[in-house]
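The values are calculated or read from the model by the stated rules, or taken from the named source; none is laboratory data. Only a predicted model underlies this, so the values are computations on that prediction, with no experimental measurement involved. Using ideal geometry, Cβ is built from the backbone for each residue, glycine included, and neighbour counts are taken over all protein chains shown. Side chains are part of the model used for accessible areas, which takes the heavy atoms of the whole protein and leaves out ligands, DNA and RNA. Shrake-Rupley method; radii C 1.70, N 1.55, O 1.52, S 1.80 Å.
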Amino acid sequence: MFRSGLAVVALAAVVAAAMTASAAAQPVGPECPPYYNPFCCKGQFVNGECKCWSEQIFGEHCNYECRDDLCNKHGVCNAESNPVVDAQGNIVSGVCVCDASGEWFGDRCTGNAYNPTCTDGVRNGQETGIDCGGPDCSKCGGGQDCTQNSDCASGVCDNGKCTDVTCNDGVTNGAETDVDCGGGTCPKCNNGKQCLVNGDCLSGQCQGGTCVGDSAAPQWLNGTPRISHTDTSATLEVQISEPGVVYMCLVPDNSPAPTVAQIVAGTCPSALYATTIAMPDQTVLTKHQMPVVLTPDTHYDVYTIAADDRSPTPNFQTNHVKVEFKTDDEDVFPPQFWVLYPRIATVSDTSVTFDVALNEPGTVYYVIALPGGTAPTAAEVKAGSVTNVVTGTIAVGSAWSIIQKVQQGLTVDTQ
């Protein structure tokens, strides 16, 4: 608001001097802003005459470009803000404030003539940002001004600015149904968290706005349970339809079938091995190699049962699944090197790098000897008993895998 009529008069004189002199006010001007008489676009129509709205509207033609352009039709230019006037007499910079007449309102003014909306492209009314924040408009996005957390879509107002919505900001915001979960954009919610639809919940069950555990036991997926094996080892492969646990026990063939309770407790009669396998992710096929040495060419049985992670009472499968398998015949053949292996890859002044690959898992034994001597036997290589040379081993974990070995400590410029 204007505090000094003297300042207004002085500014009016400056503006008038900057404008091109012309005749009396024209009754018809450019397109009128709202609430103006169409025959007096630059002033007010009083007693049949077009007069300046007030001394706060500058120029002999009641110039309103400040309110119409600079102030975006929401106020007038404060005479104390040292506004800048161009050669045509238009005010091109200054501070917009409420019109003293009460008909025009600035970005923090309220009244019955100009009603701020949440879609007018300016910050006005009780908004904290442009068309957002405050009690009337939608919440502001990241980077917009705010005064409190409730002004922001993220629920976080940090140093006067709204933060962006994320799935790890510790508040319920965006499309989330609870803190950092649900809504289709963040991870699914655990039991007890708020939800809108089943898809918001890890359990797939939203009841009364809360995620709850389901009442059904998990299902086996991907053709499991199944067994992969060699002549002396076996691996159980399992996948279930929801997070949970798989219980299993390994018994000799034709052993009495255990009960569900015995499988869960790990007390299967004649058990050679029993354990529980955590299944935190239903999208992952889990492979569990049993840490026992089996007899080649022998039949075995594995009993399995699965339960979900519902708390406090998990849902157990009603019946166990029995998987029968027979180990391979005894492997009496040594591994074979893959074609082109072993081979030297690189040589430096004090080291050598070589590659090996086998047709089955195993161990490669090697010696690095000086030329000219008698070649060591296989037993000597395995025992590492060759003197004055470098010896070592290389573990090969799977068939056809290329394993690289770097041997340091060799003598410079020596064959």
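For the range 127-143, take each phi angle, set θ = phi - 60°, evaluate the Karplus expression 6.51 cos²θ - 1.76 cosθ + 1.60, and give the result in whole Hz per residue in order, putting x for glycine and proline. Karplus-based 3J(HN,Hα) across the range 127-143 equals 5, 9, x, 6, 6, 7, x, x, x, 10, 9, 5, 6, 7, x, x, x Hz. When each of the peptides 332-338, 121-127 is scored by the mean number of other C-beta atoms lying within 10 Å of its residues, the order from highest to lowest reads 121-127, 332-338.
Under the rule a/c < 1.5 gives rounded, and otherwise a/b versus b/c splits prolate from oblate, where does the range 290-363 land using the Cα gyration tensor? Here the range 290-363 falls in the oblate category. Along each principal axis, taking the top coordinate minus the bottom one, the Cα set of the range 185-276 gives 51, 27, 16 Å in descending order.
Scoring 235-245, 398-408 by mean Cβ neighbours within 10 Å over their residues and listing the highest first yields 235-245, 398-408. Here the range 143-251 has 47 percent of its accessible surface on carbon and sulfur atoms, given a 1.4 Å probe and all protein chains in place.
Note: the range 203-327, Cα convex hull, 94 Å³ per residue. Packing here is the average count of other Cβ atoms within 10 Å per residue, and on that basis the peptides 373-379, 308-314, 209-215, 171-177, highest first, run 171-177, 209-215, 308-314, 373-379.
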